[in-house]
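One structure is given here, and the rest of the page talks about it.
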Amino acid sequence: MGKTITICFTNNKGGSGKSTTCSNLGAAIAQTGKKVLLVDGDMQLNLSLAFFSENWVLEHAAGEKNLYYGIKKQEDLTDYVVHTPYENLDLIPSSTLMSSIEYELFTKWQREFILRKCLQKIKESGMYDYILIDAPPTLGGWVMNILCASDKVIIPVEASPWGMFGLANMFKFLNEVRQISPDLEIAGIAVTKVDTRKNYYKQTMETLHELEDIHVFEQIIRVDSSVEWSQDNSIPVVEYKRSSRSAKEYTKLAEEVMKLCQ
Ligand SMILES: Nc1ncnc2c1ncn2[C@@H]1O[C@H](COP(=O)(O)OP(=O)(O)O)[C@@H](O)[C@H]1O
Ligand SMILES: [Mg+2]
């Protein structure tokens, strides 16, 4: 069995496409036959909602088999894994109680490494090729946990004036994390929600390409209403409508990510 690669999706800006990118890359990678585990690290439950109905998600969020309890009890997360309706694709669901996870972590020994420890058995088993973790739009102790549990980080950035704002804080935070988790690598920036009709998009791309030592994935994700329809139906767009523009773009981005992260 090969090595499992853990990739997280972080950006302190909300609405930058983290959950959409995490869910669709996960589904697109699973379609190639690789085994993928998704970890929903956000109290907004969006990653879970990308695959399951609202009722199912709320039921799991209210129960004890979700990430919040796994972290609180510092348990091996193997028993928290559920199968999604798609082949090769599993999920650890989240809980709205994740809102108090910072408080739970506060008193714990080596609190930055709790998620890493809870995922260790799954990782060592080699049963997954990729673990993809969706992060909330913050930069606190919990996101630090997510980063410390990851080999690589992908930063989804929305191609809009405010999409770039705050990116410097994100890089500063990543440098801090690397002081305690030196092997963490920035895989790159994934540009999302692009409206190619707007000139602003070109400026975003130029600014991003000027960043030193930061890879920008070639495949951009354009604005596409199929993304919203697919989310409304709790189906990732790469399964919901394979012929859609965004499905094709996410499939290509998945190829790029797999090539870079192996
Ligand atoms: N390519 C896209 N086309 C259209 N809407 C999108 C696209 N990507 C994301 N969205 C929408 O933008 C919003 C924010 O995306 P999301 O993935 O939830 O961001 P984040 O997880 O960073 O907060 C969601 O409502 C989602 O439906
Ligand atoms: Mg999200």
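Remarks
- Selection from region 13-27 of residues that are near ligand 1 (Cβ under 6 Å from one of its atoms) and either over 18 Å from CYS261 (Cα atoms) or at pLDDT below 95 (or both): GLY14, GLY15, SER16, GLY17, SER19, THR20
- Residue selected from region 117-148 under the condition within 13 Å of ligand 1 (Cβ to nearest atom) and out of contact with any strand residue (DSSP E or B) (no Cβ under 8 Å at 6 or more places or on another chain), by the criterion nearest to ASP40 (Cα to Cα): PRO136
- Test result for VAL237, within 10 Å of ligand 1 (Cβ to nearest atom) and buried (at least 18 other Cβ atoms within 10 Å of the Cβ): yes
- Hits in region 101-158 (condition: at negative phi, surrounded by fewer than 22 Cβ atoms within 10 Å (Cβ to Cβ) and small (Gly, Ala, Ser)): SER125, GLY140, GLY141
- Region 235-258: number of residues that are assigned to a helix (DSSP H, G or I) and of a type in the set (Lys, Arg): 3
- THR138 meets all of the listed conditions (1) closer than 29 Å to ALA30 by Cβ; (2) modelled with pLDDT under 95; (3) part of a helix (DSSP H, G or I) but one, namely (3).
- Scan of region 182-214 for residues that are of a type outside the set (A, V, I, L, M, F, W, C), assigned to a loop (DSSP other than H, G, I, E, B) and free of Cβ contacts under 8 Å to residues at least 40 places away in the same chain, ordered by number: PRO182, ASP183, ASP195, THR196, ARG197, LYS198, ASN199, GLU212, ASP213
- THR6 being free of Cβ contacts under 8 Å to residues at least 60 places away in the same chain, buried (at least 16 other Cβ atoms within 10 Å of the Cβ), of a type outside the set (Gly, Ala, Ser) and away from ligand 2 (no atom under 16 Å from the Cβ): no
- Set side by side, the residues GLN231, GLN262, GLN219 differ, and just one is in contact (Cβ under 8 Å) with a residue 24 or more places away in the chain, not in a loop (DSSP other than H, G, I, E, B) and not hydrophobic (A, V, I, L, M, F, W, C), which is GLN231.
- The lone exception for TYR250 - which of (1) aromatic (Phe, Trp, Tyr); (2) closer than 22 Å to CYS8 by Cα; (3) away from ligand 2 (no atom under 16 Å from the Cβ) it fails: (3)
- For region 193-213, the criterion of being in contact with a Gly (Cβ under 8 Å, 6 or more places away or on another chain) and either crowded, with 18+ Cβ neighbours inside 10 Å or farther than 22 Å from MET43 by Cβ (or both) is met by at least one residue.
- From LEU91, LEU38, LEU47, residue being part of a helix (DSSP H, G or I), at negative phi, surrounded by 15 or more Cβ atoms within 10 Å (Cβ to Cβ) and aliphatic (A, V, I, L, M): LEU47
- Residue in region 46-60 that is within 13 Å of the chain's Cα centre (by Cα), within 21 Å of LYS121 (Cα to Cα) and either within 16 Å of ligand 2 (Cβ to nearest atom) or modelled with pLDDT under 95 (or both) present: no
The values are calculated or read from the model by the stated rules, or taken from the named source; none is laboratory data. Note that the coordinates shown come from a computational prediction; the quantities given were computed from them, not determined experimentally. Every residue, glycine among them, receives a Cβ derived from its backbone with ideal geometry; neighbour counts consider all protein chains shown.
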